[in-house]
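A short worksheet on the structure shown next.
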Amino acid sequence: MVDATTTAPNKAETRTKQTSFRVRVLVYQIGLLVGILGFWEAGIRLGYLEAYIYGVPSGVASAFASQLLDGSLLRHFWVTGQEVVIGFLIGSLLGTISGLLLWLSPLWARVLHPYMIALNGVPKIALAPLIIVWFGLGMESKIAIAAIITFIVAFLQAHKGTQQIDSDLIRLLQSLGAKPLQIFRIVVVPGSLPWIVSALRLNVGFALIGAVVGEYISAEEGLGHKVYYSGQLYDLNSVWVGIFSLMIMALMLEVVVSWIEKKLQW
Amino acid sequence: MTPQDDIVLRASGARVVYNEDTAHPVEAVRSISLDLRRSEVLALVGPSGCGKTTLFNAIAGLLPLQGGRVEVGGQQVDKATGHVGYMLQKDLLLPWRTVIDNVTLGLEIRGMRGAQARAIASDLIRRYGLSGFENSKPAALSGGMRQRVALMRTLAFNPDVILLDEPFSALDFQTRILLQADVTRIIKEQNKSVILITHDIGEAISMADRIVVLTNRPATVKSVHTVSFRNASTDAVNIRTHPEYQAMFAKIWSELEIIDEAKGSENKVA
Ligand SMILES: Nc1ncnc2c1ncn2[C@@H]1O[C@H](COP(=O)(O)OP(=O)(O)O)[C@@H](O)[C@H]1O
Ligand SMILES: [Mg+2]
């Protein structure tokens, strides 16, 4: 028999263990990054890899520094950032509101059902060329792509959220004499929050894809344009600068959405 | 007071058919007539699927009747207006609301908000042993406590008639027995008239003044039993040791048309 009191670690010990675990994870994460970059750099220098096909870390770093200093990188970042954020906000907000409101009309929910299934199945980015035709070549069309895609996702998720509400809960509120709008406010909206929040999380990715693919198709500026254009010129280091900048943007948005998620959670 | 005034709920020939206009109508309740007297606890026992919940939904005004009528407080029921308190097997607490905000739900729906509603709720919470949990979320409570909060929510808007649909069946045995005793005490104290659906005969005998046994679907009243051997000193626990308890248990058991799924025939154990 093992005595539980002597083997169970106390709280302080547990905390130190967790800290040292976290430190180890961090060390490995940095090590992995350094290792990959090191192999990549070495491969180029030793002639196993071609720099014009793969780019080279040292070149990426100096391209990053010079493009940061001449302001061009920040301008591309700013353009794409606006497209993503504005598109995300418009699409997610309108999509969520319409998806929720659909609960009030079982008729329309039924009418729209096959359309929703069709929209859910189609790769939404395939709409991008159409939207460019409708909205022109400027920022508006990228905002529109991001907004339309995120609208669809938010709409479907919010609607799904309302469908998952326990019907007994609705029966309870009805038995208390609640009107549909009261049921909507008291139960349906807060009860759908987990689905709404998960839509927001998905939509960060979709808004980025929408804006960047829109810029690939046609644009004068923005990170997507920069990546695509540099690729055409075989300037692989600049392609990497663009890609890493998009990663940074994604991480920043991720932090914001995590914060919103915490605020909305019950 | 005439006996007529003493009836707080009356069902006369109530009939409910699902999908009436389709090729496959389901007659859930054929014809139920029963009276609920003021301050009485009436238990409904019947095989599962016989139409008990359907009858409750009709009483609460959530389902239309296809025949007969239901009156609560002398008023014919035709839609859900909160004329009864309805408590289900699931506690159905809103997980994003605190205990006190769950208790005020019925008041809020009637347009009472803020301090007045909270005063009523916190009084109930304090009186019935949940002090200190006012601002907890339901997830922090045990099953028994959650069901107690659900009862507070039902009592808060002060309906005369309370419908309890198997409110204890999701609880473990000990919690169930304790809560049966508690609920009986609380509804007597609050002077409520109650219909209790249960498939637990022991629960029916230990809580109810009268027991209505229903037939298989479509439900009709098979028999009515009066529990006369309870007095001030019996409670949900010790009534089970009463000699008449056993006899009544056996009688009701024999009347229940329980289909034994293994044998495919009715259970006739006496
Ligand atoms: N919405 C519905 N539509 C059709 N049939 C239903 C519906 N709800 C319940 N039923 C049927 O009516 C019968 C009675 O159900 P219910 O009242 O829930 O039984 P109980 O509460 O006594 O177990 C069951 O056979 C059930 O399948
Ligand atoms: Mg039932």
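This table checks each residue for (1) closer than 26 Å to B:ALA60 by Cα; (2) of a type in the set (D, E, K, R); (3) within 16 Å of ligand 2 (Cβ to nearest atom).
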position: B:ALA121; (1), (2), (3): yes, no, no
position: B:ARG126; (1), (2), (3): no, yes, no
position: B:LEU141; (1), (2), (3): no, no, no
position: B:GLU166; (1), (2), (3): yes, yes, yes
position: B:ARG185; (1), (2), (3): yes, yes, no
Report task. Kindly establish whether B:VAL16 is within 16 Å of ligand 2 (Cβ to nearest atom) and open to solvent by less than 40 Å² (accessible area, probe 1.4 Å). Result -> yes
Query raised in the report: With respect to B:VAL99, is the statement that it is touching a helix residue (DSSP H, G or I) at 6+ places or on another chain (Cβ under 6 Å) and within 16 Å of ligand 1 (Cβ to nearest atom) true?
Result: no
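Answer yes or no as to whether B:ALA170 is more than 16 Å from ligand 1 (Cβ to nearest atom), of a type in the set (Gly, Ala, Ser) and touching a residue at least 12 places away in the same chain (Cβ under 8 Å).
On the way: more than 16 Å from ligand 1 (Cβ to nearest atom): no; of a type in the set (Gly, Ala, Ser): yes; touching a residue at least 12 places away in the same chain (Cβ under 8 Å): yes.
It is false that B:ALA170 is more than 16 Å from ligand 1 (Cβ to nearest atom), of a type in the set (Gly, Ala, Ser) and touching a residue at least 12 places away in the same chain (Cβ under 8 Å).
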Query raised in the report: Given the structure, is B:VAL194 open to solvent by 10 Å² or more (accessible area, probe 1.4 Å) and among the aliphatic types (A, V, I, L, M)?
Result: no
**Report entry** Of residues in segment A:132-179 being within 14 Å of another protein chain (Cβ to nearest Cβ) and among the hydroxyl-bearing types (Ser, Thr, Tyr), the one nearest to B:LEU107 (Cα to Cα)
**Finding:** A:SER175
Query raised in the report: Among the residues of segment B:42-91 satisfying the criterion of being polar (S, T, N, Q) and within 16 Å of ligand 2 (Cβ to nearest atom), which is surrounded by the fewest Cβ atoms within 10 Å (Cβ to Cβ)?
Result: B:SER48
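Residue check: is B:ILE100 farther than 21 Å from B:GLN180 by Cα, touching a residue at least 12 places away in the same chain (Cβ under 8 Å) and more than 14 Å from every other protein chain (Cβ to nearest Cβ)?
The answer is yes for B:ILE100.
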Query - Pairs, first assigned by TED's automatic domain parsing to the domain that holds A:GLY138 in segment A:203-226, second assigned to a loop (DSSP other than H, G, I, E, B), C-beta under 6 Å, six or more apart - result: A:GLU215/A:GLY222; A:SER218/A:LEU137; A:HIS225/A:ALA219
Report task. Of the conditions (1) open to solvent by 60 Å² or more (accessible area, probe 1.4 Å); (2) within 13 Å of chain A (Cβ to nearest Cβ), B:MET112 clears all except one; give me its number. Result -> (1)
Query raised in the report: Of A:ARG15, A:ARG75, which residue is open to solvent by 100 Å² or more (accessible area, probe 1.4 Å), part of a helix (DSSP H, G or I), modelled with pLDDT of 95 or more and not aliphatic (A, V, I, L, M)?
Result: A:ARG75
Report summary line: Selection from segment B:115-133 of residues over 24 Å from A:ARG185 (Cβ atoms), surrounded by 13 or more Cβ atoms within 10 Å (Cβ to Cβ) and hydroxyl-bearing (Ser, Thr, Tyr) yields B:TYR128
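The values are calculated or read from the model by the stated rules, or taken from the named source; none is laboratory data. Just so it is clear, the model here is predicted, and its values are computed rather than measured. Note that we place each Cβ from the backbone using ideal geometry, even for glycine, and neighbour counts take in every protein chain shown. These accessible areas exclude ligands, DNA and RNA; they are computed on the full protein's heavy atoms, side chains included. Shrake-Rupley method; radii C 1.70, N 1.55, O 1.52, S 1.80 Å.
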